[in-house]
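Below is one structure, written out as structure tokens, with a few remarks after it.
Computed from the coordinates by the stated procedures, all read-outs in this text should not be read as laboratory data. Since this is a predicted model, take the numbers as computed values, not measurements. All Cβ positions, even for glycine, are placed from backbone atoms using ideal geometry, and neighbour counts span all protein chains on display.
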Amino acid sequence: MLDTAPNRPDLPAEIARRRTFAIISHPDAGKTTLTEKFLLYGGAIQMAGQVRAKGEARRTRSDFMQMEKDRGISVSASAMSFDYNGWRFNLVDTPGHSDFSEDTYRTLTAVDAAIMVIDGAKGVESQTQKLFEVCRLRDLPILTFCNKMDRESRDTFEIIDEIQEMLAIDVTPASWPIGQGRDFIGCYDILRDRLELMDRADRNRVAESIQINGLDDPKLAEHVPAHLLEPFLEEIEMARELLPALDPQSVLEGHMTPIWFGSAINSFGVKELMEGIGAYGPEPQPQRAEPRQISPEETKVSGFVFKVQANMDPKHRDRVAFVRLASGHFTRGMKLTHVRTKKPMAVSNPVLFLASDRELAEEAWAGDIIGIPNHGQLRIGDTLTEGEPIRVTGIPSFAPELLKGIRAADPMKAKHLDKALMQFAEEGAAKVFKPMIGAGYVVGVVGALQFEVLASRIELEYGLPVRFEPSQFTSARWVGGDKTAMDRFINANRQHIAHDHDGDVVYLTRLQWDIDRIERDFPDLTLSATKEMM
Ligand code: GDP
């Protein structure tokens with residue numbers, strides 16, 4: 001059953017074997033642990049734990065900032081590539097904290113599927129739900145991993161019901177747990193009629209698989225104690241009656257999620273999940289773009305920037321644009337066209353994010369994520385092609401919900417602050433507005449924690465302590481429309497006008513009433529809470 005025919009037999013094999021996905025979960029559900037195990041099986045690291053043991057603190061490769069270490073949260077997304085069973089997995093890390101949802105949203109534009117990790121004792125939590133909604137906006141296929149089954153967990157049917165009810169998606173069990181809490185011994189692999197037993201003694205050992213000929217195979221009783229076997233058989237019979245069977249097409253359309261049960265820390269269920277991603281997760285998908293969509297199998301290379309990360313390595317003050325390749329076969333040194341500026345760009349030192357370290361990418365295919373070091377030319381939403389003026393669409397920038405004034409603690413350093421703020425604005429870490437009247441800047445974020453991250457990064461990366469001040473504004477709207485109406489509008493509202501880092505006009509206010517009034521008084525203008533990045 002696992003060797004389902006590829007949905008796109010026409011894709012070149014190198015593209016068809018790629019699976020580009022993200023993990024979404026509520027903090028603490030086990031995303032980091034699962035990532036480690038993926039990398040372990042992908043041969044990217046020698047031993048689980050190494051991702052964390054490296055350096056002075058427990059952290060994964062993607063948690064590179066001081067702030068993240070201190071708080072134990074993953075603030076920014078990065079990408080990791082590894083091979084497993086013939087598949088090439090590209091895992092794009094998403095920040096789990098709700099304050100970084102915009103970053104997460106953009107990250108999810110770069111993947112073809114998501115893995116939803118839930119804690120077996122907690123079920124669907126607030127952040128799971130939010131992230132799920134974001135995936136739904138793009139109809140991303142979702143595979144579910146119910147983690148921490150080695151501990152006391154909720155009833156299996158209850159967990160499945162909760163996902164179905166709260167997230168409005170069909171759930172089909174790919175495996176079924178046997179025993180619960182301390183009695184949990186493993187899972188029955190429904191897709192392959194196999195028994196998988198967990199080794200509690202050795203956390204890094206991959207569970208042994210025992211081939212079973214269906215549920216009435218007497219071999220089952222040899223491995224499962226009688227007091228667990230009976231309730232298990234009852235449950236699985238009920239599950240088969242009540243729950244839908246796996247429908248690969250429905251999974252690909254995002255209407256159904258298969259669920260695996262396991263314990264990431266015990267390396268249990270992870271292999272099955274990986275095989276599931278390979279078998280049911282989609283290969284690289286077509287990309288929405290103007291004036292036409294881009295298909296992965298097109299021979300010409302194209303890609304788009306979904307994230308920019310400044311100063312990834314403090315020693316090298318570099319800035320890396322994360323590019324998702326949308327089509328073609330990229331080779332190092334290729335000349336691409338930067339569609340926004342129409343300028344050619346030789347991509348001579350692209351980086352592939354292998355978990356152990358960054359490495360020069362000699363080649364990459366549609367679906368892969370490469371990092372392009374640059375000096376600020378590449379911005380979020382930019383498209384690179386071999387010349388055709390196509391522009392990838394659908395990468396939004398949201399209006400900030402919190403605004404504050406910002407100043408350098410040392411007024412002599414105001415110029416440096418300008419530079420730092422522009423850089424972070426381009427990276428998408430915060431919105432930066434320069435009001436028409438008065439000195440200084442207003443910065444806007446979606447979640448309060450972003451202010452702290454910003455201050456800490458400006459200090460760390462630019463040696464510049466900053467102070468936040470309350471702002472008289474609470475909302476920002478991008479203003480669009482023809483020049484005459486715009487000029488009239490700006491003249492009448494100078495106190496409220498600012499420009500963002502692209503020079504676009506922004507209306508700042510504290511009253512929804514103001515926004516309503518402008519919409520009434522200036523019917524030719526649009527006030528928008530999102531701006532598409534390009
Ligand atoms: P994240 O915040 O989602 O990245 O979660 P982590 O991977 O950091 O895990 C949160 C905590 O749960 C850590 O203390 C892990 O050791 C623990 N944990 C992860 N997986 C399991 C599991 O399968 N069983 C148990 N009992 N604990 C786990």
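Observations, loosely collected:
- Inverse mean reciprocal Cα-Cα distance (Kirkwood Rh) of segment 289-392, Å: 13.6 Å
- DSSP beta bridges confined to the chain are antiparallel in about 75 percent of cases.
- For GLU290, the residues 5 or more places off, or on other chains, whose built amide H falls under 5 Å of its own are ARG391, VAL392, THR393.
- Each principal axis of the Cα atoms in segment 399-532 has its own extent, and those three values, largest first, are 46, 27, 25 angstrom.
- Only the Cβ atoms of Lys and Arg (+1) and of Asp and Glu (-1) were treated as charged; on that basis the dipole of the chain about its Cα centre amounts to roughly 2720 debye.
- Backbone geometry of segment 363-374 corresponds, through the Karplus equation with coefficients 6.51, -1.76 and 1.60 at θ = phi - 60°, to 3J(HN,Hα) couplings of 8, 7, 10, 3, x, 6, 10, 10, x, 10, x, 7 Hz, x marking Gly and Pro.
- Using the Karplus relation 6.51 cos²θ - 1.76 cosθ + 1.60 with θ = phi - 60°, the per-residue 3J(HN,Hα) values for segment 405-420 come to x, 9, 9, 6, 4, 9, x, 5, 9, 3, 4, 5, 5, 3, 5, 4 Hz, with x marking Gly and Pro.
- Gyration tensor analysis over the Cα atoms of the chain returns equivalent ellipsoid semi-axes of 44, 25, 23 Å (largest first, whole Å).
- 26 Å Cα-Cα reach of LYS271 towards lysines, excluding residues that sit fewer than 8 places from it in its own chain: LYS31, LYS37, LYS54, LYS122, LYS148, LYS219
- Placed amide H near TYR441: partners under 5 Å, 5+ positions off or other chain: ILE406
- Bridging of LYS531 to lysines at a Cα separation below 16 Å is possible for LYS307, LYS431, once same-chain residues fewer than 8 apart are set aside.
- Set LYS130/LYS415; LYS342/LYS483; LYS130/LYS335 screened for pairs whose C-alpha atoms are more than 29 Å apart: LYS130/LYS415; LYS130/LYS335
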